[in-house]
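What follows is one structure encoded as structure tokens, with my remarks underneath.
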Amino acid sequence: MMNTPKSITLHHLMIKNQKMIGIQFTQDKLIQNLIKGLPEPRWSTKYHMVYILNTEKNLGIIFNTFKGLYGSTIINF
């Protein structure tokens with residue numbers, strides 16, 4: 001059985017006139033738990049993804065959180 005590569009894709013979102021970082025990811029318990037540790041993650045029903053406030057600090061937190069996770073993790077932004 002072949003393992004499905006894990007991926008995380010970041011999106012630029014505007015929610016309530018604020019810039020947000022949308023986080024779309026392959027369903028995975030480890031990724032889900034790591035996302036819960038991000039600053040104030042929220043779920044967008046409209047975009048069907050988790051999002052956090054788009055700041056330089058939060059972007060750095062995202063990259064540091066997922067850096068080196070799995071050998072095949074891809075982060076796109």
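The values are calculated or read from the model by the stated rules, or taken from the named source; none is laboratory data. The model shown is predicted, which means the values in this text are computed figures rather than measured ones. For neighbour counting, all protein chains shown are included, and Cβ atoms are generated from backbone atoms with ideal geometry for every residue, glycine included.
Filtering segment 1-58 down to residues that are hydroxyl-bearing (Ser, Thr, Tyr) and touching a Leu at 6+ places or on another chain (Cβ under 9 Å), which residue is nearest to LEU69 (Cα to Cα)?
Among them, the one singled out is TYR51.
Take THR26 and decide whether it is among the hydroxyl-bearing types (Ser, Thr, Tyr) and exposed (fewer than 11 other Cβ atoms within 10 Å of the Cβ).
no
Restricting to strands (runs of 3 or more DSSP E) lying wholly in segment 1-49: which have 3 or more residues that are at pLDDT 95 or above and touching a Ser or Thr at 6+ places or on another chain (Cβ under 9 Å)?
The strands (runs of 3 or more DSSP E) meeting that bar are 18-25.
Do you know which residues across segment 30-65 are among the aromatic types (Phe, Trp, Tyr) and either surrounded by 13 or more Cβ atoms within 10 Å (Cβ to Cβ) or touching a residue at least 12 places away in the same chain (Cβ under 8 Å) (or both)?
If the condition is that a residue be among the aromatic types (Phe, Trp, Tyr) and either surrounded by 13 or more Cβ atoms within 10 Å (Cβ to Cβ) or touching a residue at least 12 places away in the same chain (Cβ under 8 Å) (or both), then TYR47, TYR51, PHE63 are the ones that fit.
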